[in-house]
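Data first, discussion second: the structure below is written as structure tokens.
Read-outs: derived from the displayed coordinates by stated rules, not from any lab. Quick caveat, the model's predicted, so the values are computed rather than measured. Methodologically, a virtual Cβ is constructed for each residue, glycine included, from the backbone with ideal geometry; neighbour enumeration extends over all protein chains shown.
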Amino acid sequence: MSYEFLQILWFILIAVLWIGFYFLEGFDFGVGMLIPILGKKDEERRAIINTIGSVWDGNEVWLLTAGGATFAAFPHWYATMFSGFYLPLFLLLVGLIIRGISFEYRSKDANPAWRNRFDWMIAIGSFLAALLLGTAFANLAKGVPIDANMNYVSPNGIMTTIGLLNPFGLIGGLTTVTVFLLHGANFLSLKLDGELRERARAFSKKLYIFAAVMVILLAVTTYIYTDILTKIGVNPGITPIISVVALLVSIYFINRKMEGWAFISVSLHIVLTQVAFFTLMFPRVMVSSLNPEWSLTIFNASSSQYTLTVMSIVAVIFVPIVLAYQGWTYYMFRKRITTDKKTLVY
Amino acid sequence: MDPITLSRWQFGLTTVYHFLFVPLTLGLGWFVAYMQTRYYQTKDETFRKMAKFWGKLFLINFAIGVVTGIVQEFQFGMNWSEYSRYVGDIFGAPLAIEALLAFFMESTFLGIWIFGEGRVPEKVHLASIWLVAIGSNLSALWILLANGWMQHPVGYVINEVTGRAELIDFFALISNPKGWLFFWHTIAAGLATASFLILGVSAYHLIRKQYTDVFKRSFQMAALVGLIASTLVFLGGHTNGQYMYDTQPMKFAAIEAHWETSEPASFSILTIGDLTGKREVWSIRVPRVLSFLACNNFDCEVRGVYDIQNEYAATYGPGDYIPLMVVTYWTFRFMMTIGFSMMAISFFFLLATRKQYENAKWMKWVPWVIVLPYIANMSGWILTEMGRQPWIVQGLLTVEKAVSPNLTTLDLLISLIGYVVVYGSLAVAMVYLMKKYAIAGPDAAIHESVDVEPQSGVGDVLPIGAQD
């Protein structure tokens, strides 16, 4: 296999990991944010958590694997992005830590204050993670100050962080939060029963208009803040168009209480938005706002041909196995969850 | 304080903290899997209670290991970007493989194990705890192969154009003896840690004459495994020491405060250095033992710190290549003393279990043995990482050159203080829960996961068995 082929292959593989992560953790983060909003009583909150209880940790591994694969296949990308986004990533880690520990610890003590605190930590952690990921991805598309030595140029990390909170970054972050909330509410209306299911549906109904506005705003501002016009042109191609349409179509399904289709169309939106993002980036992995020549690409940021070959063999063998057993877990736990005290796992 | 010093502290603190929880995960998983298997085979209720009770402690500990592990995966790029660029071609591969092979496995099947009881077939439920144990130990293997490469780089060339290390032999990377010796040492240490936790907690209940069936059986099992595991830790450590003498002679000399090359070499029982840590003031020594440690032979020559410093200065250019000896010397002695004590203690327990032992006077001290493996585990990692200094990759890259160039003192103060606050709070919650469930006994562990009767109102008090 030629070097160039392997570099493209690994770009696609890492894109797939991110897409999978956004699709799966997207509803996890949404569900996390919705725990204190939709769950009034303790067993309701527990039922909401249990819709993702058996899978959230496996879903998060998609992020870890994306990180590990980036390190192995594109060390410069990993080094520049992770050191450049230092404080946002630190906050992302804090979000993931407080969220992850809370799933396991919230029910281990009966004290209402204890449980309430951990429920809010899940919600805040999920919100923080969604917001920061969206902001970071928007800034990746917009371009960040990278010098000739592939290093992030900034007086310090606080300035970097403030720099990321430009209008486009904020739009990206808030869009991600809104879409994940919608994704989570749709997921909950699929997985819950009774009154909770109704509440989740009602929430989707209230939210979809915000989601639609944010997504359209993001699509429009992409023309202002990124180099899409010079790179792709006014016509963005079929992917982003279907992506936006899918989100709008979900409104119809939500109104018709066709929750399965609503979930599928928002999922399609999330997946295609990520596809559009990676298409816009390709073959760059980090865009330099200082000089296009200094951008990191799959060619100047990658590992050696040998490493890519070895990693490809490993991936070809193990990715299908992982997909098989993860998919099987969802099948195992496909039943709706009720607040019935007899069956609720605490 | 400069960013390098702060980055070092941050890496050291977050890594040592992470490793406070990892060994118990590695070891206790096997115990729980075995107990559940015995229940599956015999339908003996005692085994069910054992699996439930130790499984609960396993989960409380596992969660904190998982969330602190995410930091590990990210901080190479965040704080050590130059390192990541330099070694990414090699070091990234085991890390990615660890995520793909091990993280997916342990997290997915842990979910099935927690939520699957009564929902998936009993066999699948049993298989899932085995896969969790295998997954977490597999994860240890890959990260130790990665660390083994930092201690003893193999299978690479330095690219003349880019100046970076590149992988040329993947097989050499995954068969690096250093990594496998670490794996042996670490897995055995994990089993020993779990054994000592079980011994301590079981003794607590046996003194109080509660749940005697569960804890007598646990105590006996842990005494046996503890003896075997701590012996394996010792053998692995000894073999590792000899390999270290060949591949990292400076680390070897530094942990022994062995200043001058000598033949045969004496072993220091106690050495006092001067304030610079680079000169000996006074010591008590046993003749020829160090030669034995280095090469299984009481007469061989062992090179000293000064000679190796001169050799390194000639090879790598002027500089200080001596690790902080007060740390390497003392952490080694803590680790070894505790390791031998653990062998002796578990041997003593094993003998004691042949007769009536629950009422023995010494039983009231047994809960304290839980702390022993923790001190030893921590000492071991501080020793092995600080003994490699100033190198981040032995002989190839120093720590000073590895740090991210764009970070400032302020960035690091923010993140370091943040980690201390978050990790500190986690520790408080974790210790509280561990203690609570350890003291509550098996009934609470069983009732907490099933038959809960929640009442209305957020977080109303739930009847969780005997815990209160």
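Some notes on this structure:
- Within straight-line reach of B:Lys123, meaning a Cα separation under 18 Å, sit the following aspartates and glutamates at least 8 residues removed in sequence or on another chain: B:Asp44, B:Glu45, B:Glu106.
- Taking the centroid of alpha carbons for each part, region A:120-174 and region A:301-338 are 28 Å apart.
- Across peptide B:417-426, the mean count of Cβ atoms from other chains lying within 10 Å of each residue's own Cβ comes to 2.
- Dipole of chain A, positive end: most advanced residue of A:Met1, A:Phe118, A:Ser303 [Cβ charges, Cα centre]: A:Phe118
- For the pair A:Lys231 and B:Arg354, a Förster radius of 56 Å applied to the C-beta separation gives a FRET efficiency near 0.10, rounded to the nearest 0.05.
- Against the empirical 2.2 N^0.38 Å (N residues), the protein assembly as shown has a Cα radius of gyration ratio of 0.98.
- Net charge dipole, the protein assembly as shown: roughly 2540 debye, given to the nearest 20, about the Cα centre with Cβ charges of +1 for Lys and Arg and -1 for Asp and Glu.
- Prolate/oblate/rounded label for region A:119-248 (Cα gyration tensor, a/c 1.5): oblate
- Residue pairs exceeding 29 angstrom between C-alpha atoms, taken from A:Lys205/A:Lys335; B:Lys49/B:Lys435; A:Lys40/A:Lys257; A:Lys335/B:Lys216; A:Lys231/B:Lys401: A:Lys335/B:Lys216; A:Lys231/B:Lys401.
- Computed E for A:Glu4/B:Phe171 - FRET, C-beta separation, R0 30 angstrom, nearest 0.05: 0.70
- Among the listed pairs A:Lys108/A:Lys191; A:Lys41/A:Lys206; B:Lys178/B:Lys251; A:Lys41/A:Lys191, a Cα-Cα separation exceeding 20 Å is found for A:Lys108/A:Lys191; A:Lys41/A:Lys206.
- Note on chain B: dipole from Cβ charges, positive end direction compared against B:Gly424, B:Gly387, B:Phe234; the farthest Cα belongs to B:Phe234.
- Rel. contact order, % - alpha carbon contacts under 8 angstrom, at least six apart, chain A: 27 percent
- Cut-off 12 Å between beta-carbons: net charge of the residues surrounding A:Phe253, Lys and Arg +1, Asp and Glu -1: +3
- Within chain A, helix-based [θ] at 222 nm, where runs of 4 or more DSSP H residues each add -39,500 (n - 2.57), nearest 500: -26500 deg cm²/dmol
- Normalising the Debye intensity of region B:27-129 to I(0), with uniform scatterers on Cα atoms only, and taking log10 at q = 0.16, 0.23 Å⁻¹ returns -0.77, -1.21.
- Spin-label model, B:Ile284/A:Val245: points 7 Å from Cα along the beta carbon direction are separated by 8.5 nm.
- Take each residue of peptide B:401-409, count the partner chain Cβ atoms within 10 Å of its Cβ, and average: the result is 5.
- Sorting A:170-177, B:436-443 by their mean Cβ neighbour count within 10 Å, with the most densely packed peptide first, gives A:170-177, B:436-443.
- Environment charge at B:Val214 (Cβ cut-off 15 Å; Lys +1, Arg +1, Asp -1, Glu -1): +4
- Positive minus negative residues near B:Phe252 (Lys, Arg vs Asp, Glu; Cβ under 11 Å): 0
- In region B:249-322, the convex hull through the Cα atoms has an average projected area of 4.7 nm², a quarter of its surface area.
- Rg(Cα)/(2.2 N^0.38 Å) for region A:3-332, N = residue count: 1.00
- Two tests apply to each whole DSSP H helix in chain A, Cα reach of 15 Å or more along its axis and mean Kyte-Doolittle hydropathy of at least -1.0, and the ones passing both are A:3-38, A:42-53, A:56-73, A:86-105, A:112-142, A:167-191, A:194-225, A:238-255, A:259-281, A:305-332.
- Student exercise, region B:249-322 dipole from Lys, Arg, Asp, Glu Cβ charges, in Debye to nearest 20: 180 debye
- Assuming charge only on the beta carbon of Lys and Arg (+1) and of Asp and Glu (-1), the dipole of chain B about its Cα centre is about 1640 debye to the nearest 20.
- 16 Å cut-off, amide nitrogen to a point 7 angstrom out along B:Ile417 Cα→Cβ, residues in region A:131-145: none
- Neighbouring partner chain Cβ atoms per residue of B:59-70, average, 10 Å criterion: 5
- Relative contact order, percent, region B:221-351 [alpha-carbon distance under 8 Å, six or more residues apart]: 32 percent
- Quarter of the Cα convex hull surface for region B:71-125, i.e. its orientation-mean projected area (nm²): 4.6 nm²
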